[in-house]
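Notes to accompany the following structure.
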Amino acid sequence: MVDYRILIAGDTAIVVEFGDSIDRGLNAMVLALARRLDDSRIPGLNETIPAFRSLTVFYEPVVLSPAALAGHVAGMVQDLGTMQGVGRRWRLPVCYDPEMAPDLNDVAARTGLTPAQVVERHSGVTYHVYMLGFLPGLAYMGDVPPELELPRLVSPRHKIPAGMVGIAMAMSLIMPRETPSGLNLIGRSPVLMWKDSNKSGAGENTLLAPGDKVIYQPISRREYEVFAAKAAAGELNLEPEQATPVE
């Protein structure tokens, strides 16, 4: 039996909460429930927004009551733990050149590793996209190797450029736009994580989606410049490598 609870979030939403930790298994259930609800076409159900271990479900109260929605959820959750979802697998280029990585040497010193070892470990795992949040297109990717887990900076930077790759605790993120940040910055990617305009339709502006898998591919400074020029011209069109089961 799947352990979950439902919380009321105002008069137009409920939150379905699984567990109390950041865990790929719990996140897989969140994403599976989101897919089931999105595919259900329940009258009055407006939108689902997945997070690390919970799913916010928005509804139209004049059409769908919270009790009725909770009943639909109860009928969908019991076999979520056995479901295999499908995500996409991406290989994203990242430049770890010192000029692109202002905190790389500091991260190395704090972890007892060399800068090359930090790069090797950071780019040597497959990351899971738990959720999108904070900024449009910002994907929270875990899990950073334990030896690289560090807290956020005590004094956040007032502004960092789009594409900066940073780590904090178990998460690794690529900034989709210029923003303040307290992340430990160890690289930069030329990939556009978010496009302000896209003729392909709603929901297509963000590159990554919850449940996707990501591998960071180290590139040289020269390769970064080539990729960045293509991205600026709208000619850097990355495609996922394959569909992969959600772990």
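The values are calculated or read from the model by the stated rules, or taken from the named source; none is laboratory data. Small disclaimer: the values here were computed from a predicted structure and weren't measured. Cβ placement follows ideal geometry from the backbone for every residue including glycine, while neighbour counts extend to all protein chains displayed. Protein only, heavy atoms only, side chains kept; ligands, DNA and RNA dropped before computing areas. Shrake-Rupley method; radii C 1.70, N 1.55, O 1.52, S 1.80 Å.
Yes or no: Gly133 modelled with pLDDT of 95 or more, small (Gly, Ala, Ser), within 27 Å of Asn237 (Cα to Cα) and open to solvent by 10 Å² or more (accessible area, probe 1.4 Å)? When the stated conditions are applied, Gly133 does not pass them. Please indicate, with yes or no, whether at least one residue in segment 41-57 is surrounded by 14 or more Cβ atoms within 10 Å (Cβ to Cβ), polar (S, T, N, Q), touching a Pro at 6+ places or on another chain (Cβ under 9 Å) and under 21 Å from Gly137 (Cα atoms). Yes, some residue in segment 41-57 is surrounded by 14 or more Cβ atoms within 10 Å (Cβ to Cβ), polar (S, T, N, Q), touching a Pro at 6+ places or on another chain (Cβ under 9 Å) and under 21 Å from Gly137 (Cα atoms).
Just to be sure before I move on: is Val73 touching a helix residue (DSSP H, G or I) at 6+ places or on another chain (Cβ under 8 Å) and touching a residue at least 40 places away in the same chain (Cβ under 8 Å) in the structure I sent? First the steps, then the outcome.
Values: touching a helix residue (DSSP H, G or I) at 6+ places or on another chain (Cβ under 8 Å): yes; touching a residue at least 40 places away in the same chain (Cβ under 8 Å): yes.
Criteria met by Val73.
Within the set of pairs 6 or more residues apart or between chains, which connect a residue that is closer than 15 Å to Gln78 by Cβ and open to solvent by 20 Å² or more (accessible area, probe 1.4 Å) inside segment 14-29 to a residue that is assigned to a helix (DSSP H, G or I) and aliphatic (A, V, I, L, M) with Cβ atoms less than 7 Å apart? Partner pairs satisfying both residue conditions: Met29/Leu80.
If the requirement is being in contact with a Leu (Cβ under 8 Å, 6 or more places away or on another chain) and crowded, with 22+ Cβ neighbours inside 10 Å, which of these qualifies: Pro115, Pro176?
Details: Pro115 fails: crowded, with 22+ Cβ neighbours inside 10 Å.
Just one listed residue meets the conditions, Pro176.
Scanning segment 110-120 for residues that are within 15 Å of Leu185 (Cα to Cα) and of a type outside the set (A, V, I, L, M, F, W, C) yields a total of 3. Within the set Val125, Val144, the sole residue that is buried (at least 19 other Cβ atoms within 10 Å of the Cβ), in contact (Cβ under 8 Å) with a residue 12 or more places away in the chain, at negative phi and not charged (D, E, K, R) turns out to be Val144. Condition check: open to solvent by 40 Å² or more (accessible area, probe 1.4 Å), at pLDDT below 95 and in a strand (DSSP E or B). Does Ala243 satisfy that? The answer is yes for Ala243.
Residues to consider are Ala162, Ala109, Ala101; find the one that is among the small types (Gly, Ala, Ser), open to solvent by 10 Å² or more (accessible area, probe 1.4 Å) and either in contact with a helix residue (DSSP H, G or I) (Cβ under 9 Å, 6 or more places away or on another chain) or under 30 Å from Ala233 (Cβ atoms) (or both). Can you show your working first?
Values: Ala109 fails: either in contact with a helix residue (DSSP H, G or I) (Cβ under 9 Å, 6 or more places away or on another chain) or under 30 Å from Ala233 (Cβ atoms) (or both); Ala101 fails: open to solvent by 10 Å² or more (accessible area, probe 1.4 Å).
Answer to the selection: Ala162.
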